[in-house]
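Undergrad: Structure below; questions to follow.
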Amino acid sequence: MHVSRLVAIGDSFTEGYGDVVAGSDAVRGWADLAAVGLATSQGSPIEYANLAVRGRLLGPILDEQLDAAIALRPSHLSINGGGNDILRPRVTIAGVSARLEDAVHRILGAGIVPVMVSGANPSRVMAGGGVMLRRGDALRDAVRGWADALDVPFVDNWTDVGLQDGRFWTDDRLHLNAAGHARAATTFLAALGHEAPAAWRDLVPVTTAEGPRDAAYYRRHVLPWIGRRLTGRSSGDGRTAKIAEPIVVEPLR
């Protein structure tokens, strides 16, 4: 499948949180890597934008990012969302799935190829993973059903058992690290019929979720997360799109 312009929308997963660029506060992530991988596989530059913002629920993703993404007239529009919703105490899986399906119909109606991307599954490494697993399984199954019916590419990171290993996750146990994002990018490329550059095998994660969930983990990651939920705040408050306008991505040499 040839891709000339890729636009990505979503939350921290698509923004690339956890894959920190050395010597800076910037993040890379699977979508950035996939853009490079597409250009390399196709042997020519592509255009790429990433409108994702960390911490966003599905409603704000669609309200703030979808129209802007369609207006950029991409050939392909990747969409991921709902991961933050299923972390909330109350969520309707059918409602999340229906909103995603409506968004895909809008993308198709604009003459753009939608690419559904499921988030990775942190249930084996995070606190309270059982609830996350049940909800994530239900959402994945619902989306897979209508995506297949619509013949829409579906990038299934959720059921990638290998990706559930702690070595692919940061120490907050909610976000992929560099190696995890590289694996997700490889899955994305495979879904579109492309291979990942061999150099990705050399990516080394900065942090991992291997080892016990000790007191330091709860103090550093869980308690601040609970505090944001109780006060209605988000890790993405005040942040804007990562790459708001398309840039040219060159093939690896």
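The values are calculated or read from the model by the stated rules, or taken from the named source; none is laboratory data. Every value quoted in this text rests on a predicted model; they were computed, and no experiment measured them. Because the Cβ atoms are built from the backbone with ideal geometry, glycine has one as well, and the counts that use them run over all protein chains shown. When the accessible area is computed, the model is the full protein with side chains, heavy atoms only, and any ligands, DNA or RNA have been set aside. Shrake-Rupley method; radii C 1.70, N 1.55, O 1.52, S 1.80 Å.
Undergrad: If amide H atoms are built 1.01 Å from N in the plane of the peptide, which residues on other chains or at least 5 residues away come under 5 Å of the amide H of residue 46?
TA: 249
Undergrad: Also: In nanometres, what is the gap between the two model label sites at residue 149 and residue 4, each 7 Å from Cα along Cα-to-Cβ?
TA: 3.2
Undergrad: Let me ask something additional. May I ask you to compute the full-extension gain from residue 195 to residue 102, defined as 0.36 nm times their residue separation minus their alpha-carbon distance, rounded to one decimal in nm?
TA: On the way: separation 93, 0.36 × 93 = 33.48 nm, distance 3.03 nm.
Fully extending the segment from residue 195 to residue 102 adds 30.5 nm.
Undergrad: Expected output is a single nm value to one decimal: the length gained when fully extending between residue 110 and residue 248, i.e. 0.36 nm times separation in residues minus the C-alpha distance. What is it?
TA: 47.4 nm
Undergrad: Further, regarding this structure: If only Cα atoms are counted, what is the Rg of the stretch 120-162, and what is its Dmax, in Å?
TA: For the stretch 120-162, the Cα radius of gyration and maximum Cα-Cα distance read 11.5, 36 Å.
Undergrad: Could you grab the relative contact order for the stretch 61-173? Cα pairs under 8 Å, six or more apart, rounded to a whole percent.
TA: The normalised contact order for the stretch 61-173 reaches 29 percent.
Undergrad: For residue 63 and residue 239, compute 0.36 nm times the residue count separating them, minus their Cα-Cα distance, and round to one decimal in nm.
TA: 61.8 nm
Undergrad: Follow-up question, since we're still on this one. Answer rounded, prolate or oblate for the stretch 13-81, using the Cα gyration tensor with square roots of eigenvalues a ≥ b ≥ c: rounded when a/c is under 1.5, else prolate when a/b is larger than b/c, else oblate.
TA: Taking the square roots of the gyration eigenvalues as a ≥ b ≥ c, the stretch 13-81 is oblate.
Undergrad: Same structure, new question: Would you please state which residues of the stretch 84-116 a label at residue 134 would reach in this model, taking the label point 7 Å out along Cα→Cβ and a backbone N cut-off of under 11 Å?
TA: none
Undergrad: With the full set of protein chains in place, find how many percent of the accessible area of the stretch 148-196 is carbon and sulfur; take the probe as 1.4 Å.
TA: C and S atoms contribute 48 percent here.
Undergrad: Compute the Cα gyration tensor for the stretch 69-201, then decide on rounded, prolate or oblate, letting a ≥ b ≥ c be the square roots of its eigenvalues: rounded whenever a/c is under 1.5, prolate when a/b is larger than b/c in the other cases, and oblate in all that remain.
TA: oblate
Undergrad: Same structure again: With a ≥ b ≥ c the root eigenvalues of the C-alpha gyration tensor of the stretch 1-141, is it rounded (a/c under 1.5), prolate (a/b larger than b/c) or oblate?
TA: Oblate is the answer for the stretch 1-141, as a/c is 1.5 or above yet b/c matches or exceeds a/b.
Undergrad: Distances over 15 Å make up what percent of all Cα-Cα pairs in the stretch 129-202? Please list the in-between numbers first.
TA: Working: 1694 of 2701 pairs.
Counting every Cα pair in the stretch 129-202, those more than 15 Å apart make up 63 percent.
Undergrad: Using a 1.4 Å probe on the protein heavy atoms, what percent of the accessible area of the stretch 99-138 belongs to carbon and sulfur?
TA: On the stretch 99-138, the fraction of accessible area on carbon and sulfur atoms equals 52 percent.
Undergrad: Let me ask another. In square angstrom, what is the accessible area per residue of the stretch 48-93 with a 1.4 angstrom probe?
TA: 37
Undergrad: Quick check for you: which residues of the stretch 36-63 have the amide N under 16 Å from the point 7 Å beyond the Cα of residue 26 toward its beta carbon?
TA: Those under the cut-off are 36, 48-52.
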